[in-house]
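Undergrad: Take a look at this one; I'll ask things after.
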Amino acid sequence: MQVENLNELLVHEIKDLYDAEHQITQALPKMKKAASSSELKKAFDEHLEQTKNHIKRLEQVFKILEEEAERETCDGMEGLLTEGEDLIKENDPSDVLDAALIGAAQRVEHYEIASYGTARTYAQLLEYDEAADLLQETLDEEGETNKKLTKLAEKLNPQAV
Ligand code: FE
């Protein structure tokens, strides 16, 4: 990947996020299936719906930047999701697996929070205000999801002790 200016770097970040969000839509149903807690299942379901919306927002951002909506493989997200999948493959459903799934989901959220925050700031600097607002909306939702996962962990993890 060669990036010669901040504009190209922003486009690269958006393509990376576009791929990451698609990967997440594939992973969440598997995480839901592996979860034991009905609350955790519900959280994964809700986040799947949000994620579909995140993809649509990124498509709006591509339009604003006058770029094709393209995916660039996000190796970071691939790694995080592979770790989650390995946990699911190697363990039967249990309170402990639920704790592990929450941890895996929070790592995904933190990755997204970092990436959306970075992309939002590049968009602001380049005066793509509308794009910056769209990225901020998703950033806020990822932050909310992360907080929700923390609350779930505080509630469910004691059952895994
Ligand atoms: Fe997302």
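The values are calculated or read from the model by the stated rules, or taken from the named source; none is laboratory data. The model shown is predicted, which means the values in this text are computed figures rather than measured ones. Positions of Cβ are backbone-derived with ideal geometry, glycine not excepted, and every protein chain shown enters the neighbour counts. SASA here: full protein model, heavy atoms, side chains in, ligands and nucleic acids out. Shrake-Rupley method; radii C 1.70, N 1.55, O 1.52, S 1.80 Å.
Undergrad: Within the set of other residues whose C-beta is less than 11 Å from the C-beta of LYS151, count the net charge using Lys and Arg as +1 and Asp and Glu as -1.
TA: Every neighbour counted, the sum reads 0.
Undergrad: Counting only protein heavy atoms, what percent of the accessible surface of the chain is carbon or sulfur at a 1.4 Å probe?
TA: 48 percent
Undergrad: Now for a different question. Based on the mean of other beta carbon atoms within 10 Å per residue, what is the order of 136-142, 62-68, 121-127, most packed first?
TA: The packing order, highest mean first, is 136-142, 121-127, 62-68.
Undergrad: Hey, what number do you get for the chain at 222 nm if only DSSP H runs of n ≥ 4 count, each worth -39500 (n - 2.57), divided across all residues, to the nearest 500? Let's see the in-between values first.
TA: Numbers: 5 runs with 132 residues, N = 161.
Mean residue ellipticity at 222 nm (helix-derived): -29000 deg cm²/dmol.
Undergrad: Beyond 19 Å between alpha-carbons counts as too far, so tell me which of LYS32/LYS151; LYS42/LYS151; LYS89/LYS151 fall in that bin.
TA: LYS89/LYS151
Undergrad: Taking the solvent-accessible surface of protein heavy atoms with a 1.4 Å probe, what is the per residue accessible area of the chain in Å²?
TA: Result: 54 Å² of accessible area for each residue.
Undergrad: Hey, can you rank 49-60, 10-21 by average C-beta count inside 10 Å, highest first?
TA: Details: 49-60: 16.8, 10-21: 22.0.
Ranking the peptides 49-60, 10-21 by packing returns 10-21, 49-60.
Undergrad: Right, next: About its Cα centre, what dipole magnitude does the chain give when the only charges are +1 on Lys and Arg Cβ and -1 on Asp and Glu Cβ, stated in debye to the nearest 20? Don't jump to the answer; show the numbers that get you there.
TA: On the way: 18 positive and 37 negative charges, 173 e Å.
Here the chain has a charge dipole of around 840 debye.
Undergrad: So what are the radius of gyration and Dmax for the Cα set of the chain, in Å?
TA: 16.5, 52
Undergrad: Let me ask another. Nearest 0.05, what FRET efficiency do GLU59 and GLU39 give at R0 = 41 Å with Cβ-Cβ as r? Intermediate values should be presented prior to the final figure.
TA: Numbers: r = 31 Å, r/R0 = 0.76.
It comes to 0.85.
Undergrad: Further question on the same structure: Using +1 at the C-beta of Lys and Arg and -1 at the C-beta of Asp and Glu, which of GLN2, LEU149, GLN26 has the Cα lying farthest in the positive direction of the dipole of the chain?
TA: LEU149
Undergrad: If each of ASP86 and LYS151 carries a label point 7 Å out from its Cα toward its Cβ, how far apart are those two points in nm?
TA: About 3.2 nm, to one decimal.
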